[in-house]
1. Filter region B:139-178 for residues that are part of a helix (DSSP H, G or I) and in contact with a Gly (Cβ under 8 Å, 6 or more places away or on another chain); which is most open to solvent (accessible area, probe 1.4 Å)?
2. Exactly one of (1) part of a helix (DSSP H, G or I); (2) open to solvent by less than 10 Å² (accessible area, probe 1.4 Å); (3) in contact with a strand residue (DSSP E or B) (Cβ under 7 Å, 6 or more places away or on another chain) is unmet by A:Gly124. Its number?
3. Out of (1) in contact with a Gly (Cβ under 6 Å, 6 or more places away or on another chain); (2) surrounded by fewer than 24 Cβ atoms within 10 Å (Cβ to Cβ), what's the single condition that is false for A:Lys86?
4. Would you point out the residue of region B:65-83, among those that are open to solvent by 40 Å² or more (accessible area, probe 1.4 Å) and touching a Ser or Thr at 6+ places or on another chain (Cβ under 6 Å), that is nearest to B:Gly34 (Cα to Cα)?
5. Have a look at A:Val157, A:Val91, A:Val123, A:Val147 and point out the one that is out of contact with any helix residue (DSSP H, G or I) (no Cβ under 7 Å at 6 or more places or on another chain) and of a type in the set (Val, Ile, Thr).
There are 2 protein chains.
Amino acid sequence: MKIVIVGATGTIGAKVTAELEKRHEIIKVGSSSGDIQMDMTSYESIEKMYKRVGKVDAVIVAAGSATMKPFSELEEEDFYVGIKSKMMGQVNVVLAGREYINDNGSFTLTTGILSEDPIKGSVGLGLVNGAVNSFGISAAAEMKRGVRLNVVSPGLVEDSAAELGSYFPGHNPVTMDKVVNAYVKSVEGIRTGEIIKVY
Amino acid sequence: MKIVIVGATGTIGAKVTAELEKRHEIIKVGSSSGDIQMDMTSYESIEKMYKRVGKVDAVIVAAGSATMKPFSELEEEDFYVGIKSKMMGQVNVVLAGREYINDNGSFTLTTGILSEDPIKGSVGLGLVNGAVNSFGISAAAEMKRGVRLNVVSPGLVEDSAAELGSYFPGHNPVTMDKVVNAYVKSVEGIRTGEIIKVY
């Protein structure tokens, strides 16, 4: 398969890439690294990426940011950071990809446990994760030509636990192997419209 | 209690108002009807509403729209209709309301079954519902002064079944009494951070 991985050099993306490149052709996309640079907050930039890459069998997004800030300090514009990046960035990768994805291909998006199990300051990111989860369920049900769409929702991943663990009191870090397997399941498996929770 | 109801003349809002006005002071807010007019897509308009109303004990939002369109025709800007109205409109009613809500007061927002059980054309609305559900869980956990926040998520309501039922094949209409009770539970009960599903 020819697979685009957006965020291929990130904490999760690098491990997913390492596994999938054993048996597939990977095009690494990043904001400043990888084979192709793309600004996921720009629909134009996403379209330009697809024009360079051409038809693909699978697209994975493991990228996107949102504002972390105590709720008492959150203002409207803080939400739009995540809306433009992790939320509509992922939605737009699917929208622009509708004409580039091959029959029976797949999209795999990334959210996280904060949609349902918040930590201090995660309101903006939780909202985005909830939006993308529901987008995934909904869009998958209307896909054509056998195209599938799933969302991987990891908990705190072990590779981030040293740096971020103190912000996630009592959260059990999940092994990177299990997280990578969720992407493998989405890309190489048969299911669609699934929120693959790795908690 | 002094209760603001945004969308007080809508299908759901009118019935919620009829029940709660039996024992509370209700300020009806609508886009073109009610005691006060407010444009929920504008933070300024929401702030202006609060300035006129002053301190309140509860705020209910049963309003907001999003684009219904087959996924194959959906474009980026279609999503922003719902983002600005039903999604950030509800978020902004809470953000602007932080300084107007009394100790131990409550916010009650509205989503719906389409976040998890889509119908044809509901991608844009489902995304918004998922976002507001996760916002509710997250923001409730960081509320101060005993302020609570819940989200009511109704299925197809019986009052809309004649008009909309054909778009919801196999959905079981829910009685308006149960939907109204969900708002009563949120406002007069003790729970917070709950997605009150009425399916």
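The values are calculated or read from the model by the stated rules, or taken from the named source; none is laboratory data. Keep in mind that what you see is a predicted model, and the values were worked out from it rather than measured. Cβ placement follows ideal geometry from the backbone for every residue including glycine, while neighbour counts extend to all protein chains displayed. These area figures cover heavy atoms from the full protein model, side chains too; ligands, DNA and RNA do not enter into them. Shrake-Rupley method; radii C 1.70, N 1.55, O 1.52, S 1.80 Å.
1. B:Tyr167
2. Only one criterion is unmet by A:Gly124, namely (3).
3. A:Lys86 satisfies every listed condition except (2).
4. Taking the candidates together, the pick is B:Ser65.
5. A:Val147
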